[in-house]
Amino acid sequence: MSQAPHTQPPQDKPAVQAPGAAAGATQTKPQGNAPADGSASAPQQPAKQPLHRQTSQERQRLGEILVAEGLITQAVANECIKESQQTGQYFGAILVRNGQITREQLGKALAKQNEVNYVSLGKIHVDEDILTLLPEEFMLNNKVIPIAKDGGKLIVAMVEPNKRRVLDEISFMTGMRAQPVVTTAIEFSEAFDVFFRNKQKDYSGLFKEITDSFDADDDEALPEMDLLDDSNPLVKLVNSILDEAIEREASDIHIEPQRQNLRIRFRIDGVLINVLEVPENMVASFNTRLKVIAKMDIAEYRRPQDGRISYFNQNVEYNIRVNTLPVGGNREKIVLRILRSAGSIIDFPQLGFNDKDIKKLEALYKAPYGIVLAVGPTGSGKSTTLYTMLHKINDVTRNISTVEDPIEIKVPGINQSQVNVKADFTFASALRSLLRQDPDVIMIGEIRDEETLEAAIHASLTGHMVFSTLHSNTTAATVTRLVEMGADPQMICSSVLGVLAQRLARTICTDCKVSYEASAEEKQLIFPTRQDLQQKKLMLYRGEGCPKCNQSGMLGRTGLYEIMVFDRKIKQMINDRRLSQEIEDAAVAAGMKTLHMAGMEKLLKGVICLEELIRILGVNLGRTV
């Protein structure tokens, strides 16, 4: 088990003191067995026991507290209870994610519910010797972190502080009486990442174990039966890499043959980072293990293959798409795409939409029929945005069906189909079949050709709501792209309601964020046509690097959005075959923000840095002010 990293207390985060009794609250035994934050934690042996879900009555109690304090309405509580039951997410975490309450408000409500004190883990420092008192796996499975000693007592922050069994186990392992305080599930996850996960794993022990079992001069793959044995050290290595990728929220794993080894990189927040190098004599067995669990032909290395892995991490199932590509020297490059669960769907504010953009989107996705397109390069978050729209309108009154390649997120209540080209089940043929399934809403993973575009337009004109993605850089350029694909401008005007163009930008880590005065060159980049603004003082922001962001200065991503609603004037310009720049100018005059404007707004607010804005949109920032 990995050891906790050494942590120094930041200047603005005092070391935690043993909490005393809060005003108006006493340390009494909680009534009943209601978990604190909306769902039960994973059991100690997640692979053997099912995930316990909190009952609706237990969720209701926290909801009643929040309603009584005027923080949410009963309607909001009921909606979140329903979502919690469907997805297994914490009730309180859903409210925070949707921006309906703050973490502190949730924490205080949880303290009232459980009759213990609340601690915000992000605002305290925990010594390394305290963190090592409990096994890392035990802390993760039971959502508990030791934070301080108080004489013979060990203060432990818990998501579910009323779990007597867990407290007894802590007392048995440490020889100290466990005194619980409550924290939110969100704060626990972030703190656990800071303490244990935001560091590269040490694979040296596994390498030694593998080397001891290998012939140093033999680079042949191990027998297939050996690669099915979970106790095999090479199998452990593959599993450890998959675990680390999931824990660090990587979207892709790149496995690339080099001259003397195998390089492994993770794509995190849209950027590839080096993780590990696998020695040459382990490469064949490493690749074979991946092919075995992806149900691929292990003897085939001369042509590309596609496979899929169903992998469990902390009792959560992840679908991993695998693709191999032949490269020089009879070797293969392998890329694994990690597909998230329905619980990863988040609300528009968390995706980076402002209130004005959300209102525009609502007018589009709540329409009874028509086409809404999300455009942008690969990896810009188009599918995530469409899933969020579908989630908003997903109820028992609608028949929602999708055709995807692949199915990226499995969503309860939605009929999802996977494209199968070998069976002649393409986007176009699937869409024609779906129209005989009495759909209300259809999502097409991507419009790639004229046939699919024609079927989508036909579906919208016959009274269906259609969502899809398209590869195009801007909303105005999308019109040109549709015409190039064979769509008649008049049909575009009759079917398309609007287009959303988007990009994903890395955000500045809030723990190491600092301000600085922009240089003359930076101001010239930001305000290329405004000499008056170039002469004024301008403060910008960047991250200096800290343990929380793995010294990168960046943590998480936000969206930059450009929403063009096809109003009467825009439709007339499309029908007249006007230039895309003219269409964009008309949309901006009507109130549309371009991607560059959206990026500039987040730059000046200190959400993203100038370097990231240039990486996403280029040096020519265009119309920004």
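The values are calculated or read from the model by the stated rules, or taken from the named source; none is laboratory data. It should be emphasised that the depicted structure is a prediction, and the values quoted were computed from it without experimental measurement. FYI the Cβ positions are ideal-geometry reconstructions off the backbone, even for glycines, and counts take in every protein chain you see. Note: accessible area is taken over every heavy atom of the protein model, side chains too, but ligands, DNA and RNA are not part of it. Shrake-Rupley method; radii C 1.70, N 1.55, O 1.52, S 1.80 Å.
Multiplying the sequence separation of Tyr369 and Asp150 by 0.36 nm and subtracting their Cα-Cα distance, what value in nm do you get? It would help to have the intermediate numbers written out before the result.
Working: separation 219, 0.36 × 219 = 78.84 nm, distance 6.31 nm.
Taking 0.36 nm per residue and subtracting the Cα distance, the gain is 72.5 nm.
Contour minus end-to-end for Asp438 and Asn274, with contour as 0.36 nm per residue of separation and end-to-end as the Cα-Cα distance? Provide the component values of the computation, followed by the final result.
Values: separation 164, 0.36 × 164 = 59.04 nm, distance 4.85 nm.
Length gained, Asp438 through Asn274: 54.2 nm.
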With just the Cα atoms defining each centre, how far is the stretch 305-346 from the stretch 549-567? Give it in Å.
24 Å
Amide H within-cut-off set for Thr507, under 5 Å, with H built and near neighbours excluded
Leu555, Gly556, Arg557, Thr558
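Assuming R0 = 45 Å, what is the FRET efficiency of Arg165 and Glu544, from their Cβ-Cβ distance, to the nearest 0.05?
Working: r = 43 Å, r/R0 = 0.95.
About 0.55, to the nearest 0.05.
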Given a cut-off of 31 Å, name the pairs among Lys366/Lys523; Lys163/Lys548; Lys153/Lys513; Lys149/Lys208; Lys359/Lys602 whose C-alpha atoms lie farther apart than that in the structure shown.
Lys366/Lys523; Lys153/Lys513; Lys149/Lys208
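Give me the percent of Cα-Cα pairs in the stretch 513-617 that sit more than 17 Å apart, rounded to a whole number. Can you show the working numbers first?
Values: 3435 of 5460 pairs.
The proportion of pairs with Cα distances above 17 Å equals 63 percent.
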Pseudo-spin-label distance Ser251 to Asn415, built 7 Å along Cα→Cβ, given in nm, is 3.0 nm
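Hey, what's the per residue convex hull volume over the C-alpha atoms of the stretch 403-455, in cubic angstrom? Please report the intermediate quantities before stating the final value.
Working: hull volume 4.3 nm³, N = 53.
That works out to 82 Å³ per residue.
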How large, in percent, is the carbon and sulfur part of the accessible surface of the stretch 443-580 at a probe radius of 1.4 Å?
45 percent
Here the stretch 326-331 yields Karplus 3J(HN,Hα) values (6.51, -1.76, 1.60; θ = phi - 60°; whole Hz; Gly and Pro given as x) of x, 10, x, x, 6, 10
Per residue, how much accessible surface does the stretch 501-608 expose to a 1.4 Å probe? Answer in Å², no decimals.
51 Å²
Going by average Cβ density within 10 Å per residue, which order do the peptides 176-189, 69-82 take, highest to lowest?
176-189, 69-82
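Counting only protein heavy atoms and a 1.4 Å probe, tell me what percentage of the stretch 323-408's accessible area is made up of carbon and sulfur.
Numbers: 1810 of 3460 Å².
With neighbouring chains kept in place, the figure for the stretch 323-408 is 52 percent.
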Calculated from backbone phi, Karplus (6.51, -1.76, 1.60) coupling profile of the stretch 568-585 in Hz, x at Gly/Pro
4, 5, 5, 4, 5, 5, 5, 5, 7, 6, 6, 5, 4, 5, 5, 5, 5, 4
Packing-ranked peptide list from 326-336, 584-594, 443-453, highest mean Cβ count within 10 angstrom first, is 443-453, 584-594, 326-336
Where labels lie 7 Å past Cα in the beta-carbon direction, separation of Ala589 and Glu317 in nm:
5.5 nm
Where the stretch 343-442 is the region considered: accessible area per residue in Å², 1.4 Å probe
45 Å²
With a 1.4 Å probe and every protein chain kept in, tell me what percent of the accessible surface of the stretch 59-173 is carbon plus sulfur.
49 percent
